[in-house]
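The values are calculated or read from the model by the stated rules, or taken from the named source; none is laboratory data. Source: prediction; values computed, not measured. Counting neighbours? That spans all protein chains shown, and the Cβs are built from the backbone with ideal geometry, glycine included.
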Amino acid sequence: MSKVMEVTDQTFEKEVLEADFPTEVDFWAPWCGPCLRVSPIYDKLSGEYEGKFKFCKINVDENPQMATKYQIMSIPMQMFFVDGRKVDEILGAVPERVIRSKVEDILKRLPTDEKRGLK
């Protein structure tokens, strides 16, 4: 079951910028073929990284404020946030290994407690 959270212009700040975990946001649209191809990857990873990494998506057609704020000119665009700031991004439909590598890299850069949970 997917744990990818749909966010909107109204919920972006609370769900992404104020998130307790590193967060990926998939800027997408339903008419975008490449967006639909990568969506199952995020569904899969959201289950695997539950409790460590948060996965969200935002429809750029229905949420123009965030698309404008983050200067989304092409989709799919994945942006990664930690503690309210953008730390990385991936443009386009890329293989799972590329996305997984990005998630792992972000997690490795964060301080953790002895149980590998984020501080």
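Which of the residues spanning the stretch 39-61 are out of contact with any helix residue (DSSP H, G or I) (no Cβ under 7 Å at 6 or more places or on another chain), modelled with pLDDT under 95 and not in a helix (DSSP H, G or I)? Scanning the stretch 39-61 gives 50, 51. Restricting the first member to the stretch 1-26 and to residues that are without any contact (Cβ under 8 Å) to a residue 40 or more places away in the chain and over 14 Å from residue 78 (Cα atoms), and the second to residues that are in a loop (DSSP other than H, G, I, E, B) and aliphatic (A, V, I, L, M), the beta-carbon pairs closer than 9 Å and six or more apart or on different chains are 14/7. Looking only at residues in the stretch 27-42 that are free of Cβ contacts under 8 Å to residues at least 40 places away in the same chain and touching a strand residue (DSSP E or B) at 6+ places or on another chain (Cβ under 9 Å), the one that is nearest to residue 56 (Cα to Cα) is 39.
If you go through the stretch 10-38 and keep only what is over 14 Å from residue 90 (Cβ atoms), in a helix (DSSP H, G or I) and of a type outside the set (A, V, I, L, M, F, W, C), you end up with 13, 14, 15, 33. If I filter the stretch 53-67 for residues that are surrounded by 19 or more Cβ atoms within 10 Å (Cβ to Cβ), without any contact (Cβ under 8 Å) to a residue 60 or more places away in the chain and acidic (Asp, Glu), do I get at least one hit? There is no residue in the stretch 53-67 that is surrounded by 19 or more Cβ atoms within 10 Å (Cβ to Cβ), without any contact (Cβ under 8 Å) to a residue 60 or more places away in the chain and acidic (Asp, Glu).
Residue 83 falls short on exactly one of the conditions (1) touching a strand residue (DSSP E or B) at 6+ places or on another chain (Cβ under 9 Å); (2) more than 16 Å from residue 6 (Cβ to Cβ), and that condition is (1).
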